[in-house]
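S.K.: Encoded as structure tokens, here's the structure I'll be asking about.
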Amino acid sequence: MEDALSLLLLPFAASVAFVLIHAYFGVHVLRRNIVFADLALAQLSALGATVAFAGGYAPTSPAGFGYALLFTAVGAALLTFSRGVARFVSREAFVGILYVVATAATVLVIDRSPQGAEHVKRILIGSILTVGTADVAKFIALYAAIGALHWFLRRPLLAISSESQPQGRTTLAIQVWDFVFFLSFGVVVTSSVTTAGVLLVFSFLIVPAVIGTIFSRKVHVVLVIAWGAGILASVAGFAGSYVLDLPTGATMVAAFAMVLVLAGLAKALIFVEAARRSANRRIAGRIVIASTLILILASSLWLIINPAADQPLVAAFEAATGLGPAHFLKASDRDIYESAGRDMLRFQGEVDRLNAREKAARYEGAPLADDEIRRIASYQQSFNEMTRGEQYVQDVLRGKARERERWAVGLPAAIIATVGLGLMWGQRRLSERRR
């Protein structure tokens, strides 16, 4: 636990800073109805960092930041003038085109660069776990300054965000305030993309703000809810990444999506008037039952049509009930199947033991000699090959079991699911006629 806290403390502090500033800008973006402006600015920042990378500069270097900020400033100017374009074409369409062009340009620039694929991956998902104390201090100072600027300019900025054509303001004044907003927005995005990545930055910006607007229309209430939801999602993302050993950026994006879904369900099933709440719960119940029946029907038909193929739902059913393939095999085949399973566990245990030995020597004791390392690698390769052999034996026997299982399990399940869906459809038609 102490190791986890020491590893995740600084990244979490950076995430809190990201949530506080990005959720605020997210509220503005939603009120302006230009949801993908963040993606466009983030991609332009990534394009600038890519140009710097192709020129031999690290994206996190001052030169890399300068390139990224320059491209983002150009994007801020284009977004400023998109208000005038809105008379002829949707602003979202304009922003989408800007994003696509920036993405294509990034691919073209990086195509001939060494390690280009790794750079694109880093730009997309970031490397938030590598953030240091100096980085967190830099983020806090920068975002505090931008937050203070927006606090003093809150009235005109909120007015511009809330009204498509603000009254009592000249076109020049509107463009000036738009540029101030987009340029400060661009500075925030430029500073965070190299650390958090394009996808996570978009999640920091939009998802908390959307959650806040689900529950309120008052800006201060939306902000409080957005900040709380964003911090909660960050905690869930870091915890899931650490426990499950998954990529941190992608796990955090998934955590933000999960919190959004839970917020939507809470709003529909809890935070509405009693009559609406009861109706929503009935609808949710029918959706869950219908989805389950459709999944069972599709899986059963797939088992009947192609029993030798992968059967995810059948495998989950077998694991939950204990009715594995061995129950559908003859006694001799069952013995071979179970023996192969035991051998697989034994071989995998040997591989894990060798891995632990090599890791312990690398981090805790004297390094192993080259001959010993080669010997361990040879043993690991041998055990892995034997594991694959036993896996092949199990796969062949599982295919034979599924040939019987499709009629003993697949056909009855398909009939039950079909009858259940038919009853639900009939009940729905009856309810419609009564109305």
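The values are calculated or read from the model by the stated rules, or taken from the named source; none is laboratory data. Since the model is a prediction, treat every value here as computed from it, not as a measurement. Here Cβ is always computed from backbone atoms with ideal geometry, including for glycine, and neighbour counts include all displayed protein chains.
S.K.: Can F271 be described as touching a Ser or Thr at 6+ places or on another chain (Cβ under 8 Å), free of Cβ contacts under 8 Å to residues at least 60 places away in the same chain and surrounded by 11 or more Cβ atoms within 10 Å (Cβ to Cβ)?
M.R.: No; evaluated as a whole, the condition is false for this residue.
S.K.: Would you tally the residues in segment 86-114 being modelled with pLDDT under 75 and surrounded by fewer than 14 Cβ atoms within 10 Å (Cβ to Cβ)?
M.R.: 7
S.K.: Shifting gears a bit: For segment 26-42, how many residues meet the condition of being part of a helix (DSSP H, G or I) and farther than 15 Å from V193 by Cα?
M.R.: Here the count works out to 7.
S.K.: Write out, first by first residue and then by second, each pair whose Cβ atoms fall under 6 Å of each other, whose residues are 6+ apart or on separate chains, and whose first residue, in segment 360-389, is closer than 20 Å to G349 by Cβ and in a helix (DSSP H, G or I) while the second is among the β-branched types (V, I, T) and at pLDDT 70 or above.
M.R.: Between residues of segment 360-389 that are closer than 20 Å to G349 by Cβ and in a helix (DSSP H, G or I) and residues that are among the β-branched types (V, I, T) and at pLDDT 70 or above, the close pairs are Q380/V351; F383/V351.
This table checks each residue for (1) at pLDDT 90 or above; (2) out of contact with any Gly (no Cβ under 9 Å at 6 or more places or on another chain); (3) among the basic types (K, R).
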| residue | (1), (2), (3) |
| --- | --- |
| G212 | yes, no, no |
| V243 | no, yes, no |
| A284 | no, yes, no |
| S299 | no, no, no |
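S.K.: Still on this structure: When segment 179-199 is examined, which residues are found to be touching a Phe, Trp or Tyr at 6+ places or on another chain (Cβ under 8 Å) and at pLDDT 85 or above?
M.R.: Listed by number, the list holds a single entry, V188.
Residue by residue, here is whether (1) part of a helix (DSSP H, G or I); (2) hydroxyl-bearing (S, T, Y); (3) not assigned by TED's automatic domain parsing to the domain that holds A159 holds:
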site: V221; (1), (2), (3): yes, no, no
site: L232; (1), (2), (3): yes, no, no
site: A315; (1), (2), (3): yes, no, yes
site: A320; (1), (2), (3): yes, no, yes
site: L323; (1), (2), (3): no, no, yes
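S.K.: Residue check, L295 against (1) farther than 30 Å from R334 by Cα; (2) at pLDDT 85 or above, all met but one. Which one?
M.R.: Single failed check for L295: (1).
S.K.: Let me ask something else about it. Identify all residues within segment 249-268 that are surrounded by 19 or more Cβ atoms within 10 Å (Cβ to Cβ) and not aliphatic (A, V, I, L, M); write none if there are none.
M.R.: Across segment 249-268, the qualifying residues are G249, T251, F256.
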